[in-house]
There are 2 protein chains.
Amino acid sequence: MAISKDSTQIGFIGTGIMGGHMARHLQAAGFKLHVYNRTKAKTDALVAGGATWHDSPGAVAAESDIVITMVGFPKDVEETYLGAGGIVERARKGAILIDMTTSSPALAKRIAEAAAKKGVDSLDAPVSGGDVGARDAKLSIMVGGDKAAFDAALPVFQLMGANIMLLGAAGAGQHTKMCNQIIIASTLTGVAEGISYAKRTGLDPVEVLKCIGGGAAASFQLNVLGNRMLEGNFEPGFFMEHFIKDLTIATEEAASFDTKLDSLQLAKSKLEALAKKGYGRKGTQALYKHYNPD
Amino acid sequence: MAISKDSTQIGFIGTGIMGGHMARHLQAAGFKLHVYNRTKAKTDALVAGGATWHDSPGAVAAESDIVITMVGFPKDVEETYLGAGGIVERARKGAILIDMTTSSPALAKRIAEAAAKKGVDSLDAPVSGGDVGARDAKLSIMVGGDKAAFDAALPVFQLMGANIMLLGAAGAGQHTKMCNQIIIASTLTGVAEGISYAKRTGLDPVEVLKCIGGGAAASFQLNVLGNRMLEGNFEPGFFMEHFIKDLTIATEEAASFDTKLDSLQLAKSKLEALAKKGYGRKGTQALYKHYNPD
């Protein structure tokens, strides 16, 4: 399939903070959009810009050459794609289905198999870069699936991201995102522990951060989230409950290995305990509260 | 004390890889050096450049207005400063003693107290930036002690480092370095887990690193040490046994808190097990071997 803004119909399902920005870039480039979102109001701006509202993901798929999803949890992905009247059932022949939700690699494989039976391509293409990356079309996009489908979809990815890579067959995009999240989980924990240590020893943690933030300990977690911890700013850049979702997927996948990822498990257990205390809709930097409860 | 290369005598004790580079910068700036090192041959280049060899740390101190130490473990620091005939006993009145070893904050306070009784200033001033930072005079230097002594010593620090900060009273430099190491310990563990996950899932870990190394997971540990893990290059940039020393100090200090730094403890226990297997003189990136044994 050759993509053209004059003829290619793009479906976009899930137009929240991330998906809303991403869909807007496609619309701005001149593509005709078909949209669905659980909360309909979140499609208003896109519809005002010319998008067509449909009342189910399947109805979007029936009108689209490319279907992009950016929904919440793996169960949402599963229902949206594999449910009765869902995307796979109603997809057009020759369509490309692209799930950009961070979701389960195993589910991505199941969707790819179901799609293939219908003569439809699918890609798993989770992103990193957060709301700012989505807004500025600077997302990293990690893709799994067939190279031909990747090549065909590339012009669409390029409207949303800056660093776009095909990492392997179906599921490889999700696995790559899991690597990213596994690394971030322990880095964030180390930052929370280091800053907590600084506070306990009577140092001025703001000065400490200024000092070590330019050296070998530097990271987004230290330099951005560490500062938010110290400011007492726990507003979400990335929801803790979504991070827990990601780490749960990673843990489930890792359960089949001979090797225990126990630093990941430790980070996850702390986050889960915090979510139980009501921090699930706070940002991931609220991990600091494990070490510094109110 | 006003520092001048024409009159200020600088003692430098511990001229290994790090100390050797640092002393060379002082010599190149025109300072007269007095040197001691356990392995005498490691002072040869400095002596050829005009430094005077002495056969003990105390003998160096007796001739020096500023005494800098860069030795191994806290027990070496303790003996060098507080032992019979050591630096504090033989220091000149009005001298400034500067320990740049990563060592115990509690010991730094004891040295400062002993020095003060002799009318001598002392600073704890551990560094980060490794051998490359030392070679290029780009070290971060984290200082604890009196402001007057810090201000006096600053021109000397500036010959060795780029980011030089006074963080508080005696021990504050060491505490800041501990924060740095605590953060790095978990970050490194996360990187080893993420890369191990990538390998287990059949991804090409080199491609994964290329993909996620430009995003929110980026760090020195991922982008530099992660690549060394994948190349099977475990040669030391920073010795694992020295990192274990640092984390042991951090753990001992943290033992007085109400808060358990368990991600730190987990990283430390893995490194200790690897050191027992013979990886102590390898680089810290050999933590990868915990997850991928031979």
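The values are calculated or read from the model by the stated rules, or taken from the named source; none is laboratory data. Predicted model only: the values in this text are computed from it and were never measured. No Cβ is skipped: glycine too gets one built from the backbone with ideal geometry, and neighbour counts run over all protein chains shown. Accessible surface areas use protein heavy atoms only, side chains included; no ligands, DNA or RNA. Shrake-Rupley method; radii C 1.70, N 1.55, O 1.52, S 1.80 Å.
Here are some notes:
- Relative contact order of chain A, defined on C-alpha pairs under 8 angstrom at six or more residues apart (%): 13
- The same position residue A:39 in the other copies lies at 6.4 nm from this copy, comparing label points 7 Å beyond Cα toward the beta-carbon, shortest first.
- Counting, for every residue in B:160-168, the Cβ atoms of other protein chains within 10 Å of its Cβ and taking the mean gives 3.
- Global form of chain A, assessed from the alpha-carbon gyration tensor, a/c cut-off 1.5: prolate
- Links that overshoot a 23 Å alpha carbon limit, given the list A:109/A:282; A:270/B:199; B:42/B:118; A:177/B:245; A:260/B:199; A:109/B:199: A:109/A:282; A:270/B:199; B:42/B:118; A:177/B:245
- Shielding of peptide A:280-291 by partners, expressed as the average count of other chain Cβ atoms within 10 Å per residue Cβ, is 1.
- Antiparallel DSSP beta bridges within chain B, as percent of all bridges there, nearest 5: 15
- Within region A:207-265, the proportion of Cα pairs with more than 14 Å between them is 67 percent.
- Centre separation in Å (Cα based) which lies between region B:45-67 and region A:60-109: 73
- Radius of gyration, Dmax [the protein assembly as shown; alpha carbons; angstrom]: 28.1, 88
- Computed about the Cα centre, the dipole magnitude for region A:1-159 is approximately 80 debye when only Lys and Arg (+1) and Asp and Glu (-1) carry charge, each at its Cβ.
- If you sort the three axes of the alpha carbon gyration tensor as a ≥ b ≥ c, you get a/c of 1.5 or more for region A:36-105 and a/b no higher than b/c, which makes it oblate.
- Dipole magnitude for chain A: computed about the Cα centre from +1 point charges on Lys and Arg Cβ and -1 point charges on Asp and Glu Cβ, it is near 300 debye.
- Averaging the Cα positions of each part gives two centres, and for region A:110-143 and region A:252-294 these lie 26 Å apart.
- Charge dipole (chain B, unit charges on Cβ, about Cα centre) - positive-most of B:31, B:169, B:7: B:31
- Amide H contacts under 5 Å for residue A:168, placed H, 5+ residues apart: A:145
- Across region B:176-291, the relative contact order, built from alpha-carbon pairs under 8 Å that are at least six residues apart, equals 37 percent.
- Helical content of chain B, expressed as a calculated mean residue ellipticity at 222 nm, amounts to -14000 deg cm²/dmol (DSSP H runs of 4 or more residues, -39,500 (n - 2.57) each, divided by residue number, nearest 500).
- When the P(r) of region A:176-291 is calculated, the portion above 25 Å amounts to 22% of the C-alpha pairs.
- Under a Gaussian network description of chain B, with springs only between Cα atoms under 10 Å, the residue in B:125, B:148, B:114 that fluctuates furthest is B:148.
- A label point on residue A:50, set 7 Å along the Cα-to-Cβ line, lies at 7.5 nm from each of its counterparts in the other copies, closest listed first.
- Label-point gap, in nm, between residue A:259 and residue B:17 - each point 7 angstrom along Cα→Cβ: 2.4
- Overall, the protein assembly as shown carries a charge dipole of about 80 debye about its Cα centre when +1 sits on the Cβ of Lys and Arg and -1 on the Cβ of Asp and Glu, all other atoms neutral.
- Part-to-part distance (alpha-carbon centres) for region B:1-41 and region A:146-181, which is given in Å: 54
- Heavy-atom accessible area for residue A:31, with the other protein chains in place and a 1.4 Å probe, reaches approximately 20 Å².
- Label points for residue A:293 are taken 7 Å from Cα along Cα→Cβ. From this copy to the others they lie 3.8 nm apart, shortest first.
- Positive-end extreme of charge dipole, region B:176-291 - chosen from B:275, B:247, B:219 (charges on Cβ): B:275
- When the convex hull of its Cα atoms is projected in every direction, mean area for region A:9-168 (nm²): 7.8
- Test item: A:218-225 mean partner chain Cβ contacts at 10 Å: 5
- Counted over the protein assembly as shown, the DSSP beta bridges are approximately 15% antiparallel.
- Over every Cα atom in region A:76-222, the radius of gyration and the widest Cα-Cα span, Dmax, amount to 19.7, 65 Å.
- Axial C-alpha extent at least 15 Å, average Kyte-Doolittle at least -0.5 - helices from chain A (DSSP): A:17-28, A:105-117, A:172-200, A:240-254, A:262-274
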